[in-house]
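Here is the structure we will look at, set down as structure tokens.
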Amino acid sequence: MFRLQRQPIRLDELVQAVREDGHGAVAIFLGTVRNHNIGRKVLNLEYEAYPAMAVREMERIGRLVLEQYDVDRLAMVHRIGRLEIGETSVAVVAASAHRAAAMEACRCAIDRLKETVPIWKKEIFEGGEAWIEGAGGPMRPL
């Protein structure tokens, strides 16, 4: 399951999408809208994306993560549109026989998503607004 959506992310749906009998671990990463950034009070965020390309890139990341880590299933969902403080903006869920692999897969997937998926974030803060770049920096190898 790899998708963009405007409605709130339902974590139970993602867990069920990756869960099978026999998995020893389901790891979850949730990114949420925080109320501060760079010393400013954040009021809300707006996400925009190039949908077709974003989903294709999320699927590519999923394939690479499944090949690299000992995980059986992976799901990634990112919100677009206006999000309020505290709302979940992105979720990554991985299922594996062991917790370490599932947790490493989540970390790799979210890092890659921030680096390569065409999703843009506009931060609305007290006194203004600005488009905020992704994580940036060198890409970690898969």
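The values are calculated or read from the model by the stated rules, or taken from the named source; none is laboratory data. All values derive from a computational prediction rather than experimental measurement. Positions of Cβ are backbone-derived with ideal geometry, glycine not excepted, and every protein chain shown enters the neighbour counts. SASA here: full protein model, heavy atoms, side chains in, ligands and nucleic acids out. Shrake-Rupley method; radii C 1.70, N 1.55, O 1.52, S 1.80 Å.
Quick notes on this one:
- Ala17 paired with Ala130, simple spin-label distance in nm, labels 7 Å along Cα-to-beta-carbon: 3.3 nm
- Net dipole in debye of the range 1-76 [+1 Lys, Arg Cβ; -1 Asp, Glu Cβ; about Cα centre; nearest 20]: 460 debye
- In a reduced charge model with +1 at each Lys and Arg Cβ and -1 at each Asp and Glu Cβ, the chain shows a dipole moment near 160 debye about its Cα centre.
- Per-residue accessible area (protein heavy atoms, 1.4 Å probe) orders Thr88, Thr32 as Thr32, Thr88, starting from the largest.
- Phi to ³J(HN,Hα) by Karplus 6.51 cos²θ - 1.76 cosθ + 1.60 over the range 24-32, Hz, x for Gly, Pro: x, 8, 10, 9, 10, 10, 10, x, 10
- Ellipsoid equivalent to the chain - semi-axes via the Cα gyration tensor, in Å: 27, 16, 14
- Accessible-area ranking of His78, His36, largest first, probe 1.4 Å: His36, His78
- Per residue, the accessible area of the range 28-142 comes to 53 Å², computed with a 1.4 Å probe over protein heavy atoms only.
- Taking label positions 7 Å along the Cα-Cβ direction at both Asp70 and Ala97, the computed distance is 0.6 nm, reported to one decimal.
- The chain - percent of accessible surface contributed by carbon and sulfur, probe 1.4 Å: 49 percent
- Kirkwood hydrodynamic radius (C-alpha pairs) into Stokes-Einstein, the range 94-135, 37 °C and 0.692 mPa s, D in µm²/s: 265 µm²/s
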